[in-house]
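The values are calculated or read from the model by the stated rules, or taken from the named source; none is laboratory data. If you're wondering where the values come from, they're calculated on a predicted model, not measured in any experiment. Note that each Cβ is placed from the backbone with ideal geometry, even for glycine, and that neighbours are counted across all protein chains shown. Quick note on the areas: whole protein, heavy atoms, side chains included, nothing else; ligands and nucleic acids left out. Shrake-Rupley method; radii C 1.70, N 1.55, O 1.52, S 1.80 Å.
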Amino acid sequence: MPGKHDEKTLEDAVEASLLGLGGWVKGDSKSFDPERGLHRADFFAFVEATQPELWADLKKQHGAGLGDAVLDTLVKSLETRGTLDVLRHGLKFFGKRIDCAAFRPAHGLNPEILAKYAKNRLVVTRQARFIADADAKDCVDLLLLLNGLPIATVELKNHLTGQSVQPAIQQYRARDPRHRLFQFKDRKVFDSVVVITDRRVLDQQLQDNIYQFEHKQGVVEKINEDSEQLAKALASGTPIIITTLQKFPFVTGKIAKLPRRKYAIIVDEAHSSQSGEGAQKMKEVLSAGSLQEAERQDAEAEQVDEEDRLLKVMMSRGRQKNLSFFAFTATPKAKTLEVFGHRDAEGKPRPFHLYSMRQAIEEGFILDVLKSYTTYKAYYRLVKATEDDPRVPKKEATRQLARFMSLHPHNVAQKTEVMVEHFRAKVRHKIGGKAKAMLVTSSRLHALRYKQAFDRYIKEKGYKDVGVLVAFSGKVQDPETGHRFSEPEMNVGKDGKRISEAGLPAAFETDDFQILLAANKYQTGFDQPLLHTMYVDKRLAGVQAVQTLSRLNRTCKGKEDTFVLDFVNDVEEIQRSFQPYYEQTTVSETADPQQLYDLAHKLEAAQVFWESEKEAFCKVFFAPRDKQTVHDQAEMYRHLGPGVDRFKALDEAKQDEFRNALGAFVRLYAFLSQIMPFQDPDLEKLYTFCRYFEMKLPHDATRSPLKLDGEVALKYYRLDKISEGAIQLRAAESVGLRSPVEVGTRKVNEDEAKLSEIIEVLNERFGTEFAKADELLFDQFIEAAKADAEVVRRAMVNPLDNFALAMGQKIEDLMIDRMDQNQDIVTRYLNDQEFRETVFPLLVKKLYEAVRADAGAGR
């Protein structure tokens, strides 16, 4: 239809979109002052609304002429300092500071600041004239203003009318930059920006980011040749120069000879690292005769501190007027603050700006790596606590206990078993089945020994789903054989080719490798969001502890948590290490499995949500993929709603009590489930329901202000849980869950034969490839059914055929409960009638015989 695709219609659509976002309001083009280049009424409205006392005082002092006087000062400030600086720092008027914008606070603890922030005035004005009394060609299509000050102009071109971006560019080029509206851009402050970074990062992250800012020749230059190339770039005024820490002394010396130019030096986070050539040469001659000696030697060679080197060069040069330093670090040392920081009222050095770890976690930019941190002692204690707990499968608890109880500090083989089995059972299904882990070792020889142990154990078990890489510098001599191993020699891809040191990060990112064994490498600056779990077999303290554990904190879609299992360090040391950078630490060793059941009882007794609502929610949540629909999200939220209404009806004290219990249960289960062998479907369903019920409760301003959107979280968590079932079963295949006390008895052999018959019948009839381990599903199914009083009663009072008639719905319900343990079989059972008709009589017969056998044995 005519008019549906012209430029005006596009302008309507863009304006409507902005207004619909909330916060933006429609402006009047006639009220815009092209002579001053601002909107007078909006500016004064913001000042009066946010600084009423100041404005009242100024009115008393200046009377009717106040408005024009302030605007004259504002225009001069915009001319000399630029719009961004005025918005950030306001303007001075007769000794008083007038704020021109209110910025969002770091947290929601101060309602006054939040209220002030809400009074910012975002205005979109159409066809704003930049020349008084001008015609249409002297207007911009859209003008965006913050509190009356222009922050952007927009020219729209519609592809549907045959236009492109080029006419818009020509329009801007043709306009006189002396017009007030186009004068308030920030002026060029520096002739060149020099980015100093570590050599390893130069060809990776910076090339991927800074080097792609501008593709025009000469805008960005990467110094990858020699000092002569760097000298030419500095002398010619190349806008952005990327160079290495090793060339830093030359940079400062050269800039000292170019006093007419101004330079900004951005110092990328410099860490204690192994990149120094001196450290490399030292490693080449190291040869240790034992793991303990290797640990000591590597620790002595470890601290080649590039940050100290940088500071030393800076202090030796002294202050230079044409050089400004900007340093970014998450873990500043005292000397770094002395050089780069500013003095507070007490004379102590402080950073110019602090974006704390706590704030970054609350705002969702990084994950809290201490949330699921546990020492090996605590890990062992939690497993030990399950030994006599009737609500946790005793066979698995006993098996894990036996694995851990004899662990020796230097027993690499035992720790290897712990890590591989933990990774397969608890980690690999995370992040949609893409989660990875890192083992931090105390020396290069330890890394070598672990690589050999991992390869040996994985081969013995026949695992095909765990690939392992090792990372260390130089060559390591094996004291037993005298052979000197290199990193590429130890890392071989599935194609049989060696993986180079430079190629290791890319190889680790593929699905071929899941665990990285690292010795003083990849513990700083390594950016791999899929890294979920860290195993620590090295003494960590201070900055090194923070930098190392922070490898886990990167976020990505589907990544909701992290896990640390520490064989060496204690909680107090890790807490001390994080405290200066974290603001508040949350490491705890007080977790008790019994607390979980106490909290579950407390939640259910409160009757805020009902059992029927939880069950209905979970029935939709755990539905197999082929039964999911576009209506599932709405259906799940429908079952959350009634409980939320009951919560709102509680008084404030009861709300706080319930919310605290709910949050404690969710956090504790998330933590303990990464350690303990829970196979309690009721507990899992309660956790799943509570997780999203907590998100639906009314916002509590005293708590963390930001959470992952509930629907997004639900989507990814649901994908994880659906895939987790099959993965858990394959993990169980390797470890076996047969109770040790039953091994070798006649009854167990008979039961195993019957289970095998079911698997054999299914494979033969349906062409499936169910393995011996899939028998576990039926074993657990029978055990769960035997615990049902109704099932037992029916089996005891009915012949087999009558018992079968009453078990159809019951067995289907039990199958659904087992969905998270074997999706393949359960899905086939629910959706394939022929398959179901084959399995059902076999299962019913086995269940019937098992119940009556237990009764006959007096159980």
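The Cα atoms of the stretch 451-499 define a convex hull whose projected area, averaged across directions, is 3.9 nm². If you take the Cα centroid of the stretch 612-630 and the Cα centroid of the stretch 224-246, the two points sit 60 Å apart.
Restriction of the GluC sites (Glu not before Pro) in the stretch 31-83 to DSSP coil positions whose beta-carbon has at most 15 other beta-carbons within 10 angstrom yields Glu35. Size of the stretch 608-664 from its Cα atoms: along the principal axes, largest to smallest, the extents are 44, 21, 17 Å.
The chymotrypsin sites (Phe, Trp or Tyr not before Pro) found in the stretch 42-147 that occupy coil by DSSP, while having at most 11 further C-beta atoms within 10 Å, are Phe94. Rounded to the nearest 10 square angstrom, Lys92 shows an accessible area of 140 square angstrom against a 1.4 Å probe. Among the listed pairs Lys59/Lys92; Lys371/Lys451; Lys371/Lys436; Lys377/Lys459; Lys602/Lys648; Lys157/Lys185, those whose Cα-Cα separation exceeds 20 Å are Lys371/Lys451; Lys377/Lys459; Lys157/Lys185.
Report the FRET efficiency, 1/(1 + (r/R0)^6), for Ala168 and Arg638, where r is their Cβ-Cβ distance and R0 is 45 Å, rounded to 0.05. Mind dumping the intermediate values first?
Working: r = 48 Å, r/R0 = 1.06.
Computed FRET efficiency for Ala168 and Arg638 comes out at 0.40.
Set the bar at 19 Å for Cα to Cα. Now go through Lys430/Lys557; Lys685/Lys846; Lys464/Lys494 and name every pair that lies beyond it. Display every interim value, and only then the final one.
Values: Lys430/Lys557 11 Å; Lys685/Lys846 27 Å; Lys464/Lys494 11 Å.
Where the Cα-Cα span goes over 19 Å, the pairs concerned are Lys685/Lys846.
Charging the Cβ of each Asp and Glu at -1 and of each Lys and Arg at +1, and nothing else, the dipole of the stretch 493-649 about its Cα centre rounds to 460 debye.
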